[in-house]
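Worksheet for the structure shown next.
Derivation of every value follows stated rules applied to the coordinates shown; laboratory data play no part. These numbers come from a predicted model, not from an experiment. Note that each Cβ is placed from the backbone with ideal geometry, even for glycine, and that neighbours are counted across all protein chains shown.
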Amino acid sequence: MNDNYTNKQIAGALLVLRPESEWTLRGDDYNNIDWLDKNLSKPSMPEIIGQIDNQLSSAEATATATTAAKAALLARLGITADEAKLLIG
């Protein structure tokens, strides 16, 4: 599997793709997924990569939306980010 994917990302993808399945994962490698489920098949590497990529895209979109919402709120309040920090800090 791509070296850029972490154990946490792979595990997260497995939990979404096969939420009721039993498995173990050692390290950051697809080949180290021990599939224990007798009823559902192990997701393919492309399925897992696709799910990770979807999760990353979703996280990026959320971060972008959050940044835009903060900027809009600061603009409506007529203050800077530093001034907002002073208010809450």
Exercise. Which condition number does Lys38 fail, the rest of (1) part of a loop (DSSP other than H, G, I, E, B); (2) surrounded by 10 or more Cβ atoms within 10 Å (Cβ to Cβ) being met?
Worked result: (2)
For this session: Return yes or no: is Ser57 in a loop (DSSP other than H, G, I, E, B), without any contact (Cβ under 8 Å) to a residue 12 or more places away in the chain and among the polar types (S, T, N, Q)?
Result: no
Exercise. Among Leu14, Leu74, Leu87, which is in contact with a strand residue (DSSP E or B) (Cβ under 8 Å, 6 or more places away or on another chain), among the aliphatic types (A, V, I, L, M) and either exposed (fewer than 10 other Cβ atoms within 10 Å of the Cβ) or in a helix (DSSP H, G or I) (or both)?
Worked result: Leu14
Exercise. Do we find that Ile48 is aliphatic (A, V, I, L, M) and touching a residue at least 40 places away in the same chain (Cβ under 8 Å) in this structure?
Worked result: yes
Exercise. Yes or no: Ser21 small (Gly, Ala, Ser) and assigned to a helix (DSSP H, G or I)?
Worked result: no
